[in-house]
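First comes the structure, then the notes that go with it.
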Amino acid sequence: MTDRLRIALQKKGRLADDSFALLKKCGLRFAIRGGGLLARVKNMPIDLLLVRDDDIPSFVANDAADIGIVGENVLVEEQLTSQDELNANITMRLGFSRCKLSLAAADTGKVQSVTDLNGTRIATTYPGVLGQYLRDNNIKAKLVEMKGAVELAPSIGIAESICDLVSSGATLEANGLTAFKTILESEAVLIQSGRELSAAKAALLDKLMRRIDGVIKSAETKYIMLNAPKDKVKAITELLPGSDSPTIIPLAGSDDLVALQAVCTENIFWETLEDLKALGARAILVLPIEKMMS
Ligand SMILES: Nc1ncnc2c1ncn2[C@@H]1O[C@H](COP(=O)(O)OP(=O)(O)OP(=O)(O)O)[C@@H](O)[C@H]1O
Ligand SMILES: O=P(O)(O)OC[C@H]1O[C@H](OP(=O)(O)OP(=O)(O)O)[C@H](O)[C@@H]1O
Ligand SMILES: [Mg+2]
């Protein structure tokens, strides 16, 4: 096999754009064109394999790709349904494409909670995860497997409830359904097999993972600058999320005010700014951080 690191990515769909954006923020230069199934990264020995998301775990497990980006839901489903043990595991959580795999039913139907599921039919595209949940909870129900549009199942009379992905809840609402139990929480994950990589690929993967880590951290991290009364510095510092040692600088021409600057590793909400202001902080600036490496 070549010494270029091969990354399997979803070609088109809910994961695709965020996966491409993440790699671009890590400094990879590539262009995704119409029908291409393989994209070469111009400035690093990396190839991108562009495929359906369902194929990503098995491609990684079978050495068609070194790593992949896929929804945790798809990985777990493949782990539970593949004939042999799937040689693909999570190396890193990526924090985007967050969704839940939930059980849902119509408000007016006979299924309102988990205890009503015995003897009913549940429509799903996740027979592996749902089957495992039912076995673990000793529930006997019939699975109706569908390839998509699962939310339609109750209204067309082929199931009393469904088990499908929920994010905003808009699709459930549009179909008159309400979720009553989450059985899996999911986000995009970086996956890898247990096979050893060549030294060159391992070093490249290490570098890529450090950059991904930096991109994820910097997305949440902010730099805050403000002027504060000297006697309120301690109270103000305690309000700053995820910041332990701010820089304090004297302000020219002022004995009672100082400038305070700090890196906050968590999001700063409007409420925090209002609380800072109430403590006497002024000229508050919150700035994004483009890159970070610790
Ligand atoms: N509404 C949603 N909000 C956020 N993430 C979602 C949502 N729906 C799905 N996802 C995540 O994105 C992944 C891909 O979803 P998508 O709908 O693009 O899959 P697909 O139709 O199976 O695509 P493919 O054509 O690649 O097989 C899902 O497996 C899940 O992890
Ligand atoms: O809670 P919501 O924000 O409404 O999202 C949930 C919907 O999103 C996904 O489908 P998608 O729109 O990707 O369509 P598909 O299943 O046909 O690919 C999922 O299968 C749900 O139907
Ligand atoms: Mg798919």
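Here the strands (runs of 3 or more DSSP E) wholly within segment 10-113 that include at least 3 residues being under 30 Å from Gly176 (Cβ atoms), within 16 Å of ligand 1 (Cβ to nearest atom) and in contact (Cβ under 8 Å) with a residue 40 or more places away in the chain are 99-106. Is it the case that some residue within segment 22-42 is within 16 Å of ligand 2 (Cβ to nearest atom), at pLDDT 95 or above and either in the same structural domain as Leu197 (by TED's automatic domain parsing) or buried (at least 18 other Cβ atoms within 10 Å of the Cβ) (or both)? Within segment 22-42 (the criterion being within 16 Å of ligand 2 (Cβ to nearest atom), at pLDDT 95 or above and either in the same structural domain as Leu197 (by TED's automatic domain parsing) or buried (at least 18 other Cβ atoms within 10 Å of the Cβ) (or both)), the answer is no, since none of the residues qualifies. Can we say Arg4 is under 21 Å from Ser97 (Cα atoms) and either surrounded by fewer than 19 Cβ atoms within 10 Å (Cβ to Cβ) or basic (Lys, Arg) (or both)? No; evaluated as a whole, the condition is false for this residue. Only one entry of Lys147, Lys140 meets the criterion of being within 16 Å of ligand 1 (Cβ to nearest atom), at negative phi, in a loop (DSSP other than H, G, I, E, B) and out of contact with any Leu (no Cβ under 7 Å at 6 or more places or on another chain), and that entry is Lys147. Looking across segment 167-185, the residues that are more than 8 Å from ligand 2 (Cβ to nearest atom), of a type in the set (A, V, I, L, M, F, W, C) and either over 23 Å from the mean Cα position of the chain (by Cα) or over 15 Å from Thr125 (Cα atoms) (or both) come down to Leu177, Ala179, Phe180. For segment 155-177, the candidate set comprises residues that are surrounded by 18 or more Cβ atoms within 10 Å (Cβ to Cβ) and among the β-branched types (Val, Ile, Thr); within that set, the residue that is nearest to ligand 1 (Cβ to nearest atom) is Val166. Consider Gly242 carefully, then state whether it is outside the structural domain of Glu77 (by TED's automatic domain parsing), surrounded by fewer than 16 Cβ atoms within 10 Å (Cβ to Cβ), touching a strand residue (DSSP E or B) at 6+ places or on another chain (Cβ under 8 Å) and at pLDDT 95 or above. Against the criterion (outside the structural domain of Glu77 (by TED's automatic domain parsing), surrounded by fewer than 16 Cβ atoms within 10 Å (Cβ to Cβ), touching a strand residue (DSSP E or B) at 6+ places or on another chain (Cβ under 8 Å) and at pLDDT 95 or above), Gly242 does not qualify. Based on this model, can you work out whether Ala106 counts as among the small types (Gly, Ala, Ser), more than 24 Å from Glu85 (Cα to Cα) and surrounded by fewer than 19 Cβ atoms within 10 Å (Cβ to Cβ)? Yes: the conditions hold for Ala106.
One residue stands out among those in segment 182-216 that are surrounded by fewer than 17 Cβ atoms within 10 Å (Cβ to Cβ) and either in contact with a Ser or Thr (Cβ under 7 Å, 6 or more places away or on another chain) or among the aliphatic types (A, V, I, L, M) (or both): the one that is nearest to Val70 (Cα to Cα), which is Glu187.
Residue check: Gln83 meets all listed conditions (1) assigned by TED's automatic domain parsing to the domain that holds Glu196; (2) modelled with pLDDT of 95 or more but one, namely (2).
If the condition is being free of Cβ contacts under 8 Å to residues at least 24 places away in the same chain and within 30 Å of the chain's Cα centre (by Cα), then segment 114-166 contributes Leu134, Arg135, Asp136, Asn137, Leu143, Val144, Glu145, Met146, Lys147, Gly148, Ala149, Leu152. Does segment 115-125 contain any residue that is in contact with a helix residue (DSSP H, G or I) (Cβ under 7 Å, 6 or more places away or on another chain), at pLDDT 95 or above and among the hydroxyl-bearing types (Ser, Thr, Tyr)? Within segment 115-125, one or more residues are in contact with a helix residue (DSSP H, G or I) (Cβ under 7 Å, 6 or more places away or on another chain), at pLDDT 95 or above and among the hydroxyl-bearing types (Ser, Thr, Tyr).
Thr124 fulfils the conditions (1) of a type in the set (S, T, N, Q); (2) buried (at least 20 other Cβ atoms within 10 Å of the Cβ); (3) away from ligand 1 (no atom under 16 Å from the Cβ) except for a single criterion, (3).
The values are calculated or read from the model by the stated rules, or taken from the named source; none is laboratory data. Source: prediction; values computed, not measured. Virtual Cβ from ideal backbone geometry, glycine too; neighbours counted across all protein chains shown.
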